[in-house]
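Engineer: Okay, here's the structure, questions in a sec.
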Amino acid sequence: MFFEMNEGIMSPSVIMLSGPALALFVCVASLALSKAKEIRNRITYLLIAISGAFTTAAGVMGLLSPPQQLLLPLGLPWLPMHLRLDPLAGFFMVVIGLLVTSVGIYSVGYLRSRAKTQNLTLLDISMSLFIVGMQGVVLADDAYTFMIFWELMSVASYFFVIFDHEREANRKAGFLYLLMAHLGALLILSSFSILYAAGKSFEFEVMRNVHLSSTWLSLVFLTAGLGFGLKAGIIPLHIWLPEAHPVAPSNASALMSGVMIKVAVFGFLRVIWDLVGLDQAQGWWGGLVLAAGSSSAVGGVLLALQQHNLKRLLAYHSVENIGIIAIGLGLAMIFAHFGQGDLAALGLVAALYHTLNHALFKGLLFMGAGAILHATHHRNLDHLGGLIRRMPVTAVLFLIGCISISALPPFNGFVSEWLTFQAALMAPKLENSPLAALIPFSAAMLALAGALTATCFIKVFGIIFQGTPRTSAVATAHEVNGWMLSGMALPALLCLILGISPVWVIPLIDQVSPTLLASNLERSLTGSHWLWLTPLSPERASYSPLIVLLTSLLAGLAAFLLHRRGKPVRHAPVWSCGHPDLNPRMQYTATSFSQPLRRIFSTIYQPHEEVSRLDHGNPLLVKRIRFSVHIQDLAWNLLYLPVKRTVEWLTRGTDWLQRRQIHGHLSLVFVTLLILLGFLI
Amino acid sequence: MTPWLLNIVQALLLISLAPLSAAVLKKMKARLQNRRGPGLLQSYRDLGKLFGKEPILPEGASWIFRLAPYIIFAATALACAIVPVLLVQTPLSAAADVITLVGLFALARFFTALGAMDIGTAFGGMGASREMTFSALAEPAMLMGVFVVSMAAESTNLSTMIHTMLNGHFGLRPSLAFALAALLLVAIAETGRIPVDNPSTHLELTMVHEAMILEYSGRYLALIEWANQMKLLLFMTLLLNLFCPWGIAEEKTAPALLFAAELLAFKSVFLLGLLALLETWMAKMRIFRLPEYLGTAFLIAILGMLTHYILEGTA
């Protein structure tokens with residue numbers, strides 16, 4: 001291998017650790033340069049971008065070479081830190097690295113004006129620790145290291161959420177985030193403790209070989225699934241996500257939505273697929289993952305459709321996309337349960353491809369939202385409009401993100417949904433069982449989610465960038481600086497490349513399959529041509545994005561040449577049906593755009609509409625009319641509020657224990673001690 | 001080289017005959033309503049006139065407004081090249097399968113809606129909102145419908161699907177009936193015909209597709225109109241070749257191709273006649289009845305998938 005040629009400076013462990021080490025060094029750099037504010041901002045975020053590039057390199061190395069292990073003499077005296085870079089970790093290092101690079105470049109420009117007036121040390125340090133935390137989780141090879149870095153990631157990102165702590169809503173969102181993060185961490189910890197109790201070791205190597213009864217295994221699955229599902233934002237555990245992601249600074253929310261929730265997907269794969277192993281998995285596990293994924297995909301996009309806050313809308317789309325990833329994983333688990341190894345590999349590759357895609361286009365869209373916020377100071381869709389003329393480059397990049405997330409050819413979102421559909425269509429290969437009958441339903445839900453996403457992003461792009469400006473701040477907005485544009489251009493370019501060249505990317509991703517499934521997509525690799533994507537067999541299905549792209553370009557060109565050139569184009573005012581002057585407030589708004597869907601799915605939204613009108617004594621002569629509509633997230637009302645009420649009821653029940661004088665408390669301590677002594681005897 | 005040439009020729013045939021099929025439909029509709037109707041070449045004259053006219057761009061239109069017609073046309077033309085028309089085995093149907101076909105329609109619709117939103121008029125927004133809402137229900141129904149056929153053929157490749165339908169000796173496949181019903185419902189919705197949408201109305205309360213292209217003129221309008229006519233013919237060809245493929249050429253010989261062309265023309269005229277009858281006989285539905293209509297199509301398609309899975313699974 002090329003890495004082994006010169007040991008020393010290029011040794012695998014150096015490459016593996018250079019990304020995290022550089023990210024950690026950012027802390028020092030930020031503190032050391034606290035006087036020179038502008039230089040500090042530039043240096044810290046460029047360092048972060050470079051660390052991202054190193055992380056990507058390490059990830060590619062992890063995908064291509066045999067697993068590397070490393071012991072660091074840190075942590076507990078009897079438990080050094082175990083790190084391991086295998087293909088699974090390598091893939092997620094690539095995902096983290098690519099987005100960290102783009103966000104690093106973007107942040108130099110995004111924070112430049114803020115760095116002059118504000119002290120950003122806290123943001124720099126939490127950013128660096130957050131990135132180290134994510135990389136540590138991915139590289140961890142023992143449960144202790146895993147949990148330490150998991151907590152580092154959660155706590156560091158808490159500071160993103162409360163970064164603008166002057167506003168009460170942000171502090172509340174931060175509290176909710178911390179609460180849910182720790183609930184999740186507790187659940188993950190309990191799944192590790194079951195595995196620990198069986199093998200008496202924190203090391204993953206030992207945990208892989210433990211034997212447990214099926215009840216205990218199911219308990220591991222449920223606790224780990226719930227814990228990681230909480231972090232990933234699977235419905236109905238998503239409740240923190242639309243609160244926390246919108247209030248963080250946009251560069252941080254790009255990372256949180258783009259990568260952090262993917263780290264939860266990684267955790268699920270590591271614990272359930274790798275440590276427990278799919279050979280020990282039970283049939284209903286895959287069914288549950290599939291059902292949760294389907295409900296998240298449709299629920300996420302339905303809720304996203306009714307949002308007005310751009311970042312909140314994007315956060316709900318993260319719920320949807322995690323659902324699509326979970327559909328892929330659930331399909332793979334079901335196929336693996338029925339012993340169809342290569343079909344399981346197809347499901348896994350589809351899920352991982354979507355993981356990478358979502359990291360890129362969601363990162364791009366969040367950065368775009370940050371650019372819009374930066375230029376206009378508005379985040380409500382109904383205050384924006386016409387930005388395509390004020391911010392032309394941002395508009396193009398944002399449009400690429402919109403097309404990618406809407407799964408339209410020839411961009412990357414289409415490829416991963418195509419792969420997921422191909423996996424779902426293999427359902428008849430399975431034995432007849434209620435479990436496999438779930439698959440057609442989830443394919444239908446995936447199709448519905450995809451179509452609704454396109455609707456939602458027509459709304460987003462149309463309201464923000466097209467039409468005429470709805471407020472004066474928007475009418476005078478300026479294009480953002482080059483740093484921000486290049487930070488967004490990188491993921492946009494990757495979206496196109498991943499859309500056109502899946503044939504080259506899939507073999508790389510497929511390196512992950514043998515470590516988790518003991519089989520991969522080998523058949524297609526030998527039979528496939530560089531032009532044709534044939535995941536199963538050429539007769540089954542094939543897709544050639546390059547031919548599609550070239551042919552459509554050709555057709556477009558032909559259409560262009562069809563008319564005699566030189567015909568002038570006349571500009572004229574819009575025909576307004578005789579109305580003297582149109583004003584921006586007469587345009588369709590985000591609220592009116594989503595009105596038909598609000599009506600169709602009113603049982604899910606339970607919209608609460610209010611109309612108040614003021615007239616000149618006659619209902620026909622309206623002076624002023626006000627319309628407002630609120631929709632509900634059903635999970636709050638059906639799940640969280642009852643739990644909250646129960647907890648409050650329970651705590652009120654124990655109130656009398658606390659309303660005591662000091663001797664009362666002392667006697668309580670004494671009684672407790674006596675009872676515990678009783679156990680000892 | 002010959003298969004590629006044949007593929008391009010049959011795509012060009014579909015593209016160039018699309019206006020004719022629209023004219024045939026108009027003529028038949030007119031005859032059913034005791035009118036004489038325009039001549040069969042009227043669609044070509046209309047397109048020619050629009051191409052020759054100076055287009056008027058509304059003030060404030062961005063580059064998306066001018067780009068959208070080309071993307072709509074290109075995506076639809078590509079869709080024409082994917083679907084096997086006269087010959088079963090065509091090279092381009094391997095480059096893009098039936099999921100890509102649905103994706104291309106979605107791409108064309110995405111840009112139609114963006115073009116509509118571009119000026120910021122209420123009509124454009126309304127049209128885009130309605131079209132995207134209904135397509136969000138129609139598109140999954142279409143996918144599910146073709147998936148039923150894909151599952152029977154064990155392929156999403158259109159050539160293979162048609163080949164299986166042609167040569168498969170399947171006794172009784174109730175799932176295909178479900179698929180056909182769902183796809184018929186979807187085809188009417190996707191091509192914007194009565195009772196879903198009325199292509200000849202310009203009343204603000206009833207427009208869906210027409211509201212989106214209201215600001216277009218000249219060559220831009222010509223491209224969009226042509227793409228629409230292509231879409232109608234394409235959906236008919238797809239339905240005919242999937243569910244009634246008998247007669248389609250399996251080998252590349254001139255007599256077989258000629259026979260396939262004649263038979264397909266006959267079948268399409270029959271289907272156009274049915275559509276004309278339907279459009280004369282029915283009135284346009286209220287907008288808010290449409291979700292029920294499309295929901296029914298979606299449900300039928302899912303039932304088809306379940307039927308296939310439960311009754312016809314090949315475990």
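The values are calculated or read from the model by the stated rules, or taken from the named source; none is laboratory data. Nothing here was measured: the structure is a model prediction, and the numbers come from that model. For neighbour counting, all protein chains shown are included, and Cβ atoms are generated from backbone atoms with ideal geometry for every residue, glycine included. Just so you know, the surface numbers come from the protein's heavy atoms only, side chains and all, with ligands and any DNA or RNA stripped out. Shrake-Rupley method; radii C 1.70, N 1.55, O 1.52, S 1.80 Å.
Engineer: Yes or no: the range A:8-15 includes at least one residue that is open to solvent by less than 10 Å² (accessible area, probe 1.4 Å), within 26 Å of A:F146 (Cα to Cα) and assigned to a helix (DSSP H, G or I).
Structural biologist: The answer is no; no qualifying residue exists.
Residue by residue, here is whether (1) more than 9 Å from every other protein chain (Cβ to nearest Cβ); (2) within 20 Å of the chain's Cα centre (by Cα); (3) open to solvent by less than 40 Å² (accessible area, probe 1.4 Å) holds:
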position	(1), (2), (3)
A:H478	yes, no, no
A:G482	yes, no, no
A:L485	yes, no, yes
A:M488	yes, yes, yes
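Engineer: If you don't mind, another one. If you go through the range B:202-215 one residue at a time, do you hit one that is under 25 Å from B:A61 (Cα atoms), in contact with a Pro (Cβ under 7 Å, 6 or more places away or on another chain) and within 9 Å of chain A (Cβ to nearest Cβ)?
Structural biologist: Yes, the conditions are met somewhere in the range B:202-215.
Engineer: Report whether or not A:A345 is of a type in the set (A, V, I, L, M), open to solvent by 10 Å² or more (accessible area, probe 1.4 Å) and farther than 30 Å from A:G368 by Cβ.
Structural biologist: It is false that A:A345 is of a type in the set (A, V, I, L, M), open to solvent by 10 Å² or more (accessible area, probe 1.4 Å) and farther than 30 Å from A:G368 by Cβ.
Engineer: A further question follows. Examine the range A:375-387 for a residue that is within 12 Å of chain B (Cβ to nearest Cβ), open to solvent by less than 10 Å² (accessible area, probe 1.4 Å), part of a helix (DSSP H, G or I) and farther than 21 Å from A:H245 by Cα, and state whether such a residue exists.
Structural biologist: Yes.
Engineer: Kindly indicate which of B:S21, B:S93, B:S16 is under 27 Å from B:L263 (Cβ atoms), assigned to a helix (DSSP H, G or I), small (G, A, S) and open to solvent by 40 Å² or more (accessible area, probe 1.4 Å).
Structural biologist: B:S16
Engineer: Under 7 Å by Cβ, and 6 or more places apart or on different chains, what pairs join a residue from the range A:623-636 that is buried (at least 16 other Cβ atoms within 10 Å of the Cβ) and outside any strand (DSSP E or B) with one that is modelled with pLDDT of 85 or more and hydroxyl-bearing (S, T, Y)?
Structural biologist: Cβ pairs passing all conditions: A:I631/A:Y605.
Engineer: Taking only the range B:153-176 into account, find how many residues are outside any loop (DSSP other than H, G, I, E, B) and touching a residue at least 24 places away in the same chain (Cβ under 8 Å).
Structural biologist: Total satisfying the criteria: 10.
Engineer: Please tell me if A:S30 is among the small types (G, A, S), open to solvent by 40 Å² or more (accessible area, probe 1.4 Å) and either touching a Lys or Arg at 6+ places or on another chain (Cβ under 9 Å) or without any contact (Cβ under 8 Å) to a residue 12 or more places away in the chain (or both). Outline the logic, then answer.
Structural biologist: On the way: among the small types (G, A, S): yes; open to solvent by 40 Å² or more (accessible area, probe 1.4 Å): no; either touching a Lys or Arg at 6+ places or on another chain (Cβ under 9 Å) or without any contact (Cβ under 8 Å) to a residue 12 or more places away in the chain (or both): yes.
No.
Engineer: To continue, here is another question. Are any of the residues in the range A:107-116 touching a Gly at 6+ places or on another chain (Cβ under 8 Å), more than 21 Å from A:H374 (Cα to Cα) and crowded, with 24+ Cβ neighbours inside 10 Å?
Structural biologist: no
Engineer: Name the single residue, out of those in the range A:423-440 being more than 7 Å from every other protein chain (Cβ to nearest Cβ) and part of a helix (DSSP H, G or I), that is most open to solvent (accessible area, probe 1.4 Å).
Structural biologist: A:P434
Engineer: Go through (1) farther than 25 Å from B:R66 by Cβ; (2) within 14 Å of chain B (Cβ to nearest Cβ); (3) in contact with a strand residue (DSSP E or B) (Cβ under 9 Å, 6 or more places away or on another chain) one by one and return the number of the condition A:K623 breaks.
Structural biologist: Only one criterion in (1) farther than 25 Å from B:R66 by Cβ; (2) within 14 Å of chain B (Cβ to nearest Cβ); (3) in contact with a strand residue (DSSP E or B) (Cβ under 9 Å, 6 or more places away or on another chain) is unmet by A:K623, namely (2).
Engineer: Now for a separate question. Of the numbered conditions (1) open to solvent by 10 Å² or more (accessible area, probe 1.4 Å); (2) of a type outside the set (F, W, Y); (3) out of contact with any Phe, Trp or Tyr (no Cβ under 6 Å at 6 or more places or on another chain); (4) within 7 Å of chain A (Cβ to nearest Cβ), B:G52 fails exactly one; give the number of that condition.
Structural biologist: Result: B:G52 fails condition (4) only.
Engineer: How about the range B:141-195: which of its residues are under 17 Å from the mean Cα position of the chain (by Cα) and among the small types (G, A, S)?
Structural biologist: B:A141, B:G145, B:A179, B:A181, B:A182, B:A187, B:A189, B:G192
Engineer: Shifting gears a bit: Quick check on this structure: which one of B:A79, B:A74 is touching a Gly at 6+ places or on another chain (Cβ under 6 Å) and over 21 Å from B:L166 (Cβ atoms)?
Structural biologist: B:A74
Engineer: For the range A:157-207, enumerate the residues that are open to solvent by less than 70 Å² (accessible area, probe 1.4 Å) and hydroxyl-bearing (S, T, Y).
Structural biologist: A:S157, A:Y158, A:Y177, A:S190, A:S191, A:S193, A:S201
Engineer: Please determine, by comparing only the residues of the range B:277-315 that are assigned to a helix (DSSP H, G or I) and hydroxyl-bearing (S, T, Y), which one is farthest from the other protein chains (Cβ to nearest Cβ). Can you show your working first?
Structural biologist: If we filter the range B:277-315 for residues that are assigned to a helix (DSSP H, G or I), which is where we start, we get B:277-281, B:287-311.
Subsequent filtering for residues that are hydroxyl-bearing (S, T, Y) retains B:280, B:293, B:296, B:307, B:309.
Values: B:T280: 28, B:Y293: 12, B:T296: 13, B:T307: 10, B:Y309: 6 Å.
In this case the residue turns out to be B:T280.
Engineer: Look through A:S576, A:S544 and report the one residue that is facing chain B (nearest Cβ under 7 Å) and farther than 30 Å from A:G300 by Cα.
Structural biologist: On inspection, the qualifying residue turns out to be A:S544.
Engineer: Please enumerate the residues belonging to the range A:578-616 that are among the hydrophobic types (A, V, I, L, M, F, W, C), free of Cβ contacts under 8 Å to residues at least 60 places away in the same chain and either part of a helix (DSSP H, G or I) or surrounded by 15 or more Cβ atoms within 10 Å (Cβ to Cβ) (or both). Explain how you work it out, then say what you get.
Structural biologist: So the first thing to find is which residues in the range A:578-616 are among the hydrophobic types (A, V, I, L, M, F, W, C), and the list is A:582, A:586, A:590, A:593, A:597, A:600-601, A:604, A:611, A:614.
Filter again for free of Cβ contacts under 8 Å to residues at least 60 places away in the same chain, leaving A:582, A:586, A:600, A:611, A:614.
Result: A:L582, A:M586, A:I600.
Engineer: Picking from B:L57, B:L78, which residue would you name as being at the interface with chain A (Cβ under 9 Å from one of its Cβ atoms) and surrounded by fewer than 21 Cβ atoms within 10 Å (Cβ to Cβ)?
Structural biologist: B:L57
Engineer: In this structure, does B:S150 turn out to be in contact (Cβ under 8 Å) with a residue 40 or more places away in the chain, open to solvent by less than 10 Å² (accessible area, probe 1.4 Å) and either more than 28 Å from B:H308 (Cβ to Cβ) or at the interface with another protein chain (Cβ under 8 Å from one of its Cβ atoms) (or both)? Steps first, please.
Structural biologist: Values: in contact (Cβ under 8 Å) with a residue 40 or more places away in the chain: yes; open to solvent by less than 10 Å² (accessible area, probe 1.4 Å): yes; either more than 28 Å from B:H308 (Cβ to Cβ) or at the interface with another protein chain (Cβ under 8 Å from one of its Cβ atoms) (or both): yes.
Here the answer is yes, as B:S150 does meet what is asked.
Engineer: Identify the single condition in (1) open to solvent by less than 10 Å² (accessible area, probe 1.4 Å); (2) facing chain A (nearest Cβ under 7 Å); (3) not in a helix (DSSP H, G or I) that B:L104 does not satisfy, given that it satisfies every other one.
Structural biologist: Tallying (1) open to solvent by less than 10 Å² (accessible area, probe 1.4 Å); (2) facing chain A (nearest Cβ under 7 Å); (3) not in a helix (DSSP H, G or I), B:L104 fails exactly one: (3).
Engineer: Just checking, which of A:Y605, A:Y588 is more than 10 Å from chain B (Cβ to nearest Cβ) and of a type in the set (F, W, Y)? Steps first, answer last, please.
Structural biologist: Values: A:Y588 fails: more than 10 Å from chain B (Cβ to nearest Cβ).
Answer to the selection: A:Y605.
Engineer: How many residues does the range B:107-129 contain that are facing chain A (nearest Cβ under 7 Å) and crowded, with 24+ Cβ neighbours inside 10 Å?
Structural biologist: Of the range B:107-129, the ones facing chain A (nearest Cβ under 7 Å) are B:107, B:110, B:113-114, B:117-122, B:125-126, B:128-129.
From what's left, crowded, with 24+ Cβ neighbours inside 10 Å: B:107, B:110, B:113-114, B:117-121, B:125, B:128-129.
Counting residues in the range B:107-129 that are facing chain A (nearest Cβ under 7 Å) and crowded, with 24+ Cβ neighbours inside 10 Å gives 12.
Engineer: Restricting attention to the range B:192-206, does a residue exist that is part of a helix (DSSP H, G or I), crowded, with 22+ Cβ neighbours inside 10 Å and of a type in the set (V, I, T)?
Structural biologist: No, because not a single residue in the range B:192-206 is part of a helix (DSSP H, G or I), crowded, with 22+ Cβ neighbours inside 10 Å and of a type in the set (V, I, T).
Engineer: Just to be sure, is B:L158 of a type in the set (A, V, I, L, M), modelled with pLDDT of 90 or more and buried (at least 24 other Cβ atoms within 10 Å of the Cβ)?
Structural biologist: Numbers: of a type in the set (A, V, I, L, M): yes; modelled with pLDDT of 90 or more: yes; buried (at least 24 other Cβ atoms within 10 Å of the Cβ): yes.
Yes.
Engineer: So, one more: List the pairs whose first member sits in the range B:34-50 and is on the phi > 0 side of the Ramachandran plot, whose second member is open to solvent by 80 Å² or more (accessible area, probe 1.4 Å), and whose Cβ atoms are under 8 Å apart, counting only residues at least 6 apart or on separate chains?
Structural biologist: Partner pairs satisfying both residue conditions: B:G37/B:K26; B:G37/B:R31.
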